[in-house]
Structure formats: C-alpha cells, structure tokens
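Engineer: Structure incoming, see below.
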Amino acid sequence: MKKKIGVVYCQESANIGDDVQTVVIVDLIKRIKPEFEPVLVERERLNSEKVEERESLIVSGWFMKHPENWPPRNRNILFISMHISTQYGASGVIQRDKFAEFYKNHEPIGCRDK
C-alpha cells in the first residue's frame, strides 16, 4: 500500500495558477516518489481530520476564503508557494502572532509575493 501525501487544491477556485501548481505537484510526486499516492486536499478544509491522516502535506496557492480553517492539521508540511489574501479577512487571521511558532516549525516557507 502506498503512503498518502496530501496536495492542496481548491475546487471552487477560478485561479488557473493554483490549478497549474496542483497538477505539477501531483505529476512530480508520481515521477519522483512513486511510493507515494498524491491525494487532493481541499484548501478550505485544511484543519479537517482527513488532512491529519496523510503522511505529509504539500501546500501551495492562494489562502484563503475561509481563514477560520487555518492552520492545516498535518504535522509534516512543505510550504512551496503561498499567497495570503487580504480578502475575506484571511491576512488578519493567518498572520496572527499565535501562528508564529507554527510557521517557524515549517520553515522555509516559499511565497509567491511580498
């Protein structure tokens, strides 16, 4: 049985850039780490029980329409490309001081912009 690795996606997104990142990550996992099975994890539900069940979680994209679902529950996270939105109050939630330790535990964090 293959180990499961979560890959963030957003079903409701109209942002083709996020979709492209997800497709590329899934393809890379299949080519580089065939012992892993990529499993799509909904961006807006990153604090759900299902996320915690994955061996690891690869995070990329625009964050997020429902910031109350932050942070992800998985302990082994690789942040590769992240944009924190100012819409929906996301930046006010995701950038809170209480998450500083969470971010330090997952450094380095790749960001798409300032």
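The values are calculated or read from the model by the stated rules, or taken from the named source; none is laboratory data. Keep in mind it's a predicted model, so treat the numbers as computed, not measured. Note: ideal-geometry Cβ built from the backbone for every residue, glycine included; neighbour counts use all protein chains shown. The area values use the complete protein model at the heavy-atom level, side chains included, leaving out ligands, DNA and RNA. Shrake-Rupley method; radii C 1.70, N 1.55, O 1.52, S 1.80 Å.
Engineer: Only residues that are surrounded by fewer than 16 Cβ atoms within 10 Å (Cβ to Cβ) and either in contact (Cβ under 8 Å) with a residue 40 or more places away in the chain or part of a loop (DSSP other than H, G, I, E, B) (or both): list them for the stretch 5-16, please.
Structural biologist: Answer for the stretch 5-16, where residues must be surrounded by fewer than 16 Cβ atoms within 10 Å (Cβ to Cβ) and either in contact (Cβ under 8 Å) with a residue 40 or more places away in the chain or part of a loop (DSSP other than H, G, I, E, B) (or both): Gln11, Glu12, Ala14, Asn15.
Residues checked against (1) in contact (Cβ under 8 Å) with a residue 24 or more places away in the chain; (2) open to solvent by less than 70 Å² (accessible area, probe 1.4 Å); (3) more than 10 Å from Val8 (Cβ to Cβ); (4) part of a helix (DSSP H, G or I):
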| position | (1), (2), (3), (4) |
| --- | --- |
| Thr22 | yes, yes, no, yes |
| Lys30 | no, no, yes, yes |
| Glu37 | yes, no, yes, no |
| Val41 | yes, yes, no, no |
| Asn47 | yes, yes, yes, no |
| Lys50 | no, no, yes, yes |
| Lys65 | yes, no, yes, no |
| Glu68 | yes, no, yes, yes |
| Arg73 | yes, no, yes, no |
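Engineer: Considering the stretch 51-69 alone, what residues qualify as being over 19 Å from Ser85 (Cβ atoms) and hydroxyl-bearing (Ser, Thr, Tyr)?
Structural biologist: Ser56, the sole residue that qualifies.
Engineer: Could you tell me which residue of the stretch 79-114 is surrounded by the fewest Cβ atoms within 10 Å (Cβ to Cβ), considering only residues that are in contact with a His (Cβ under 8 Å, 6 or more places away or on another chain) and under 19 Å from Thr22 (Cβ atoms)?
Structural biologist: The extreme case among them is Asp113.
Engineer: Among the numbered criteria (1) in contact (Cβ under 8 Å) with a residue 12 or more places away in the chain; (2) of a type in the set (Ser, Thr, Tyr); (3) open to solvent by 90 Å² or more (accessible area, probe 1.4 Å), which one does Ser56 miss?
Structural biologist: Evaluating Ser56 over (1) in contact (Cβ under 8 Å) with a residue 12 or more places away in the chain; (2) of a type in the set (Ser, Thr, Tyr); (3) open to solvent by 90 Å² or more (accessible area, probe 1.4 Å) leaves (3) as the failure.
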